[in-house]
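The values are calculated or read from the model by the stated rules, or taken from the named source; none is laboratory data. Everything quoted here is computed from the prediction, not taken from an experiment. Heads up, the Cβs are rebuilt from the backbone with ideal geometry, glycines too, and the neighbour counts pull from every protein chain shown.
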Amino acid sequence: MRIGPAVLLGVLALALPAQGQAVPDGAVMLFAPGSAVVTPEARDVVLGFLRPPRPAGFRGHCLRGHADHGPRAEALALARVRAVAAVMARQGVDPADVAIEASGDRMPARLAPAGRAEPMNDRVELAPCPGPRLAGVAEAEARALDAAVLPAFVTALAPRVARALGCSVPEIARTALEPPPFLCPPEVPPDAVPVLTVLRVTGTRRVAAVLEWPAGIGEGEARWRASAAAGAVLDLFGLPADGVLATLAAEPGAARRMEVSAGGLRAEAEAGPGPLRRMRVVPVGGEGP
């Protein structure tokens, strides 16, 4: 069974052990680069994960698939997590107790230098949890928490990015959970305009902001306006901009990653391989930005 990220990790928030009970251990399975084949060694990890008895609140299985940076990362992560779920089914696990989610390359275990593969990113994480049988409860709780924390960040970030780009400042409802698309005049190059996403770190009140240019950032004015948009977000959170902006402005085809931390936040920038440019501001402690 596939459920969304709010449900998958929201379920984990319900899994509070009774007093005196230990939280069961999770596990990590590694895959060969570009492969979704479960090796005998990886199968042993699944069997070891399933073997120990668990408290009632942890009898489900939450699986999250990942892949190293690349154009097929999303599909590869999903293929891997489905392969693990299939192994569990062959061991007699009820699919109703398995929740799967694919994160593509959005949550790397390690940032690698440009052009270098990082084996730890090719993985599936297995965690004991209540499972999808309780997903309806967890989903409702996740929606309520989203409504409590996201609108303040949406209403702060979207107008700031729009002004930096030279676009119309959007009218945003006080209860908005996601930013509207940016409406820009003809003089704003389309390849300067990012997709803004505001996400809650599930199970917490912490919030992450993402700017993404899927088709890349153009030259000249497009690059200047895109840098202004990224700089406006970094300035709002008190994060230094120079290294992040330099990475976003890398020449097409160059694969670069960098991160910088300050005040309990981390800015991550990715460029390539290919045209994709992405900047994330994520909390590393406390209750978020």
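Tabulated values for the structure
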quantity	calculated
From Ala271, Ala230, Ala208, residue being surrounded by 17 or more Cβ atoms within 10 Å (Cβ to Cβ) and either modelled with pLDDT of 95 or more or among the hydroxyl-bearing types (Ser, Thr, Tyr) (or both)	Ala230
Residue within region 107-117 that is modelled with pLDDT of 90 or more, surrounded by 19 or more Cβ atoms within 10 Å (Cβ to Cβ) and either assigned to a loop (DSSP other than H, G, I, E, B) or touching a Leu at 6+ places or on another chain (Cβ under 9 Å) (or both) present	no
Single condition Val282 does not satisfy, out of (1) touching a residue at least 40 places away in the same chain (Cβ under 8 Å); (2) farther than 20 Å from Ala164 by Cβ; (3) outside any loop (DSSP other than H, G, I, E, B); (4) more than 16 Å from the chain's Cα centre (by Cα)	(4)
Residue in region 222-238 that is assigned to a loop (DSSP other than H, G, I, E, B), in contact (Cβ under 8 Å) with a residue 12 or more places away in the chain and closer than 30 Å to Ala144 by Cα present	yes
Residue ID - farthest from Gly70 (Cα to Cα), chosen from residues in region 246-278 that are in a strand (DSSP E or B) and among the hydrophobic types (A, V, I, L, M, F, W, C)	Ala262
Check on Asp146, crowded, with 19+ Cβ neighbours inside 10 Å and either at pLDDT 95 or above or outside the structural domain of Pro71 (by TED's automatic domain parsing) (or both)	yes
Residue in region 232-246 that is among the β-branched types (Val, Ile, Thr) and within 19 Å of Arg160 (Cα to Cα) present	yes
Region 145-179, residues that are under 21 Å from Asp191 (Cβ atoms) and in a helix (DSSP H, G or I)	Leu157, Ala158, Arg160, Val161, Ala162, Arg163, Ala164, Leu165
Test for Pro33: is it farther than 19 Å from Arg90 by Cα and either modelled with pLDDT under 95 or of a type in the set (D, E, K, R) (or both)	yes
Given (1) aliphatic (A, V, I, L, M); (2) surrounded by fewer than 20 Cβ atoms within 10 Å (Cβ to Cβ); (3) part of a helix (DSSP H, G or I); (4) over 16 Å from the mean Cα position of the chain (by Cα), index of the condition Ala85 fails	(2)
So Ala173, is it without any contact (Cβ under 8 Å) to a residue 24 or more places away in the chain and in the same structural domain as Ala226 (by TED's automatic domain parsing)	yes
